[in-house]
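What follows is a short report on a single structure.
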Amino acid sequence: MTMLKTEPSFPNPDAAYEMLVEGHRGVSEAESAALNARLVLILSNHIGDLAVLKEAITLAKKAG
Amino acid sequence: MAERKSVYQFGYRRSADQDSKSPVRRPVVIVGAGPVGLTAAIDLAQRGIASIILDDADRIGEGSRAICFSKRSLEIMDRLGVGERLVEKGVTWKVGKVFLGEHQVYLFDLLPEAGHKMPAFINLQQYYLEGYLVERAAELPLIDLRWRNRVSAVERHEDFVRLTIETPEGEYKLDTDWCLACDGARSKVRDCLGLKFERHTFEERFLIADVKMSADYPTERWFWFDPPFHSGQSALLHRQPDNVWRIDLQLGPDANPEEEKKPERVLPRLKRMLGERQFELEWVSVYRFNCARLKKFVHGRVIFAGDSAHQVSPFGARGANSGIQDAENLVWKLALVINAEAPESLLESYDLERGQAADENIGHSTRSTDFIAPRTKQERVLRNAVLQLAPHAPFARGMVNSGRLSVASEYDSPLSTGDEEVFAGSAKLGLPVPDAPLEDREGRHRFLLQALGADFELLYVKNGARPNVPEGIRLTVIGEDLFDREGLFMQRFGATPGSAFLLRPDHHLCARMRRYDGNRIRNALARAKGLAK
């Protein structure tokens, strides 16, 4: 079974974070929420594994 | 709800049973002359079993009820003798379009392949279907249809059911070995038995209008999210015969149903949608949808089918279509039990198979309703994200859910014998077999499903002599009785010479093998009749 990866994947984590932040620069709060929703869908499909997605949702809920 | 005008009118007639001193005993009484009850009665009669249908009304009324009848329902109706009439009157369609605002985001084609007798869907007002079924029932002397016979009490006994029935001439009692409760979402029989029907109600209200107009829209199902004419909500437009169009407008949870039904509210909404076209309102009502099911459909000698057993929201056309399939699943089993060819326990498979179907239908219609009417602001954001992505990314099109339209249920059933070999093709264990265009011995075109009988059937692909099939099975040899000129049978069944396919009386595939094996067939037949140890 595939497991959710929680160990670092990006050699340069700062660059990945910066990219996400930049995506949200200069847009309204509503646009930002909509962008996040589209991103979640795109990335979920890229993962393509319900078990991994479920683990990710659980982790996200737990951390909040 | 508005008063329904009557489309077909029938008369009450006194039955001799009403004059009997003690209750007369009958083999089968069906409560409710809707699509489900009529299907059951006709199928039973075609299997030689008499039934009485009781209905509290004396007419078939108009009104916005079922309009979409699926390929599977039409195949069943064809076996009952009204399929071609339905298709002729109905509006055939298979393409659906989904719009976000003014832009199309998604298109689906429900039957992309040829070589099937029945189309993916027809649209037809439910009253036509009921009218045709009533006429078909009238041709069958084994059916006794009693209008204005209202069941008021149900008494369960060990091996029969006693019904109290009210008529314009007073009350009478009737005993029946089997009582089929096909009396709809507000089932009286279910109430009499005190059974729980736990509902999940959706808050959202919808306006449903049937509108008469001549319009040049194509014969497709059009669904809008956030259309310019009905901002922030959803809308559906779908054609029916006689220039009638079904329009479905989402109103939000706070809409007042009494106010929203008034012409001064309805007409401006429709004008925004239809523009300058002339139209007349045939029917309008405001609904909230429920999903519900009985835990068990079989309660001793009382058996529930259709909306009395389960209820769904309308997105997906899973109400009437699933009820018709309930009836077909039940009837061949009940006929075997009544004829003492199968144990009563066979009926548990009805409960199981149609229970699976009900869960599937409720799941689909719940997910569709959640997509169409998101419950929270964030759900709406996520829903809109799917719609925004759909034109750009194929994966998102698959998530667009304006109703997953009814297809035949695949039964994970103890009546099936597991495969020992691998088969390609669209035929699957537990599913009804796919249709295919064939030719008979005289060179006439014949669809497979037309050629099938009403009992267990073995489809054998010629490879030498005709096999000697066990009693109770009808044999059809492909390559001798029917010819597969186009090769579509072989392709759809993943067949090779010598392959054998065992079909149940409802044409669901229950066993298959690459080489005919009399013992395996005998065991598979016993298993499908509920006789397996």
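Here are the numbers for the structure shown:
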item: Residues (among the aliphatic types (A, V, I, L, M) and assigned to a loop (DSSP other than H, G, I, E, B)) located in region B:302-323; result: B:Ala305, B:Ala309, B:Val312, B:Ala317
item: When residues of region B:393-406 are limited to those that are in a loop (DSSP other than H, G, I, E, B) and surrounded by fewer than 18 Cβ atoms within 10 Å (Cβ to Cβ), the one farthest from the other protein chains (Cβ to nearest Cβ); result: B:Gly398
item: Selected residue [in a helix (DSSP H, G or I), in contact (Cβ under 8 Å) with a residue 40 or more places away in the chain and surrounded by fewer than 20 Cβ atoms within 10 Å (Cβ to Cβ)] from B:Asp326, B:Asp370, B:Asp359; result: B:Asp359
item: Residues of region B:373-386 classified as more than 9 Å from chain A (Cβ to nearest Cβ) and under 16 Å from A:Ser44 (Cβ atoms), total; result: 1
item: Qualifying residue in region B:178-188 (condition: charged (D, E, K, R), at pLDDT below 95 and either within 30 Å of B:Gln388 (Cα to Cα) or in a loop (DSSP other than H, G, I, E, B) (or both)); result: yes
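Residue by residue, here is whether (1) modelled with pLDDT under 95; (2) touching a helix residue (DSSP H, G or I) at 6+ places or on another chain (Cβ under 9 Å); (3) over 22 Å from B:His507 (Cβ atoms) holds:
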position	(1), (2), (3)
B:Gln278	yes, no, yes
B:Glu282	yes, no, yes
B:Asn290	yes, no, yes
B:Leu330	no, yes, no
B:Asp351	no, no, no
B:Ala357	no, yes, no
B:His364	yes, no, yes
B:Thr369	yes, no, yes
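The values are calculated or read from the model by the stated rules, or taken from the named source; none is laboratory data. Please read these numbers as outputs of a predicted model, since none were measured by experiment. No Cβ is skipped: glycine too gets one built from the backbone with ideal geometry, and neighbour counts run over all protein chains shown.
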